Every structure is written in C-alpha cells, then in structure tokens.
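As structure tokens, the structure follows; a few thoughts come after it.
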Amino acid sequence: MAIWAGFGYANDAIGGRVLRFMVSFVYKDGTTGEDIQPLVPDEQARVKELREQGIVEELFLASDRSRGWFVMRRESEDAVREATASLPLSRFWEVTNTSIFDAQPA
C-alpha cells in the first residue's frame, strides 16, 4: 500500500542519502544463555562502536530478551547485513531487515 508515496522525507535512498532500517532479530531455536553470556561484553562493545559511527540509532530488547530490534542507518540493505553480521551474537539470530522512514515530517 503506497499511501506515503507522494511524500518526500530526508531519509530516502535517492541521490545518495542514507536509508534507515529496522533490523528485527529473534534467537534461533536451541540458543541458550550459556551460548550468549560469554559474548555479551563483546556485543556491548561492538554496539557502542556502531553507535559512535552513526550506524546504530536505537536498540530495543523484548523484556524476556528473546528478540530485539535495531534502527540502523546505512546506504543499502547489504551494508545493514554487513553491520549486523559484525555483531558477535548475530550468529544466533534469525534476522529480518525492513526499510523504514519517519512518518512524522518535521
């Protein structure tokens, strides 16, 4: 449904501008706390680096920690996949990327 098709927003990928993506992840079946816990410090450090580089805007986790969502800014979905793959915990995730835009114009 293209209701927003007539609106122009600054985060479109037209003309070399950067896209925003919602990166949704859920842990793969069989992943345990024992798999994850040793990698948490490295994960936190890498997320901090990506924030400092302006790639990660937001990170949200479900209260039960079974899934999460990143908002990332990159020039392409391939670049988002690359940034996501650089996270130590990503090997335990099933990931879905969705291109998004802010529907509340300034």
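All of the numbers you see were taken from the coordinates with simple rules; none came from a lab. Computed from a prediction, not measured in an experiment: that's the story for all the values here. Every residue, glycine among them, receives a Cβ derived from its backbone with ideal geometry; neighbour counts consider all protein chains shown.
Just one of the listed residues (69, 93) is of a type in the set (Phe, Trp, Tyr) and in contact with a Ser or Thr (Cβ under 7 Å, 6 or more places away or on another chain), namely 69.
Scanning segment 59-90 for residues that are acidic (Asp, Glu) and either surrounded by fewer than 11 Cβ atoms within 10 Å (Cβ to Cβ) or without any contact (Cβ under 8 Å) to a residue 12 or more places away in the chain (or both) turns up 64, 78, 82.
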